[in-house]
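Okay, so here's the structure we're looking at.
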């Protein structure tokens, strides 16, 4: 069994607790792709998946990948950037999480479970934003109608005041590669936090940062 590529396809999603500000049901799907080979599926005993909060170590979900090893032609042939190699029956593990805020998750895979003498592990981390599906993929300089098309991405800021989420504000392309901006008026005093994220709905790639400021 070939050693695993540390890059995993991680499709992730969020379900928030009742009454939370961003309660939107979504799913997390994890696929494990062997380096230079195929998906680790049922015929190999699958791979054990553990999903944790990368900051706290809390285990959010566990399970085993199940399904086929995938389409050989798609896996070994040349393909376009961003074009998926998985099919509907490709081995995967799917979970539903309950999260109330953006989290950095760590996904660890161990396997193949049917060949424990050759089993290895690999891990990948990924930011997840409430309600935004994540499937993995590429990321590079972004501009309208470019190879990484800014028109196809969602960039926004989740604005909180004194710890309470107030609104989500879309950001527009700012005229320079990979830069987005907006203008807002803030009249109320308080401690503000803006969680800014960029999200590619085609493959789930997500980037996130935070900034805090005070209006007195």
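Working carefully through the options 193, 183, 154, find the one that is modelled with pLDDT of 85 or more and under 30 Å from residue 87 (Cβ atoms). Break it down into steps so the answer makes sense when it comes.
Numbers: 193 fails: under 30 Å from residue 87 (Cβ atoms); 183 fails: under 30 Å from residue 87 (Cβ atoms).
From the options 193, 183, 154, the qualifying one is 154.
Just for strands (runs of 3 or more DSSP E) wholly inside the stretch 18-106: which have at least 2 residues that are surrounded by fewer than 16 Cβ atoms within 10 Å (Cβ to Cβ), at pLDDT 80 or above and under 21 Å from the mean Cα position of the chain (by Cα)?
Details: elements: 28-31, 48-53, 59-64, 93-95.
Of the strands (runs of 3 or more DSSP E) lying wholly inside the stretch 18-106, those with at least 2 residues that are surrounded by fewer than 16 Cβ atoms within 10 Å (Cβ to Cβ), at pLDDT 80 or above and under 21 Å from the mean Cα position of the chain (by Cα) span 59-64.
Please count how many residues of the stretch 116-131 are at pLDDT 85 or above and closer than 19 Å to residue 66 by Cα.
Residues meeting the conditions: 3.
Do any residues in the stretch 47-64 that are free of Cβ contacts under 8 Å to residues at least 40 places away in the same chain and in the same structural domain as residue 28 (by TED's automatic domain parsing) have Cβ atoms under 8 Å from those of residues that are surrounded by 19 or more Cβ atoms within 10 Å (Cβ to Cβ) and not in a strand (DSSP E or B), where the two are at least six apart or on different chains, and which pairs are they?
Within 8 Å, the pairs are 61/97.
Please return the ranges of strands (runs of 3 or more DSSP E) entirely within the stretch 141-210 where 1 or more residues are in contact with a helix residue (DSSP H, G or I) (Cβ under 7 Å, 6 or more places away or on another chain).
On the way: elements: 154-161, 164-170, 190-199.
The strands (runs of 3 or more DSSP E) meeting that bar number zero.
Consider residue 160 carefully, then state whether it is assigned by TED's automatic domain parsing to the domain that holds residue 202, buried (at least 16 other Cβ atoms within 10 Å of the Cβ) and within 14 Å of residue 211 (Cβ to Cβ).
Working: assigned by TED's automatic domain parsing to the domain that holds residue 202: yes; buried (at least 16 other Cβ atoms within 10 Å of the Cβ): yes; within 14 Å of residue 211 (Cβ to Cβ): yes.
So residue 160 passes the test.
Looking only at the stretch 176-206, count every residue that is on the phi < 0 side of the Ramachandran plot, surrounded by 15 or more Cβ atoms within 10 Å (Cβ to Cβ) and either in contact with a strand residue (DSSP E or B) (Cβ under 7 Å, 6 or more places away or on another chain) or in the same structural domain as residue 103 (by TED's automatic domain parsing) (or both) and tell me the total.
Total satisfying the criteria: 10.
Looking at (1) closer than 26 Å to residue 63 by Cβ; (2) modelled with pLDDT under 90; (3) not in a loop (DSSP other than H, G, I, E, B), find the lone condition where residue 113 falls short.
Going through (1) closer than 26 Å to residue 63 by Cβ; (2) modelled with pLDDT under 90; (3) not in a loop (DSSP other than H, G, I, E, B) one by one, residue 113 breaks only (3).
The values are calculated or read from the model by the stated rules, or taken from the named source; none is laboratory data. Only a predicted model underlies this, so the values are computations on that prediction, with no experimental measurement involved. Here the Cβ is made from the backbone with ideal geometry for all residues, glycine too, and neighbour counts use every protein chain on show.
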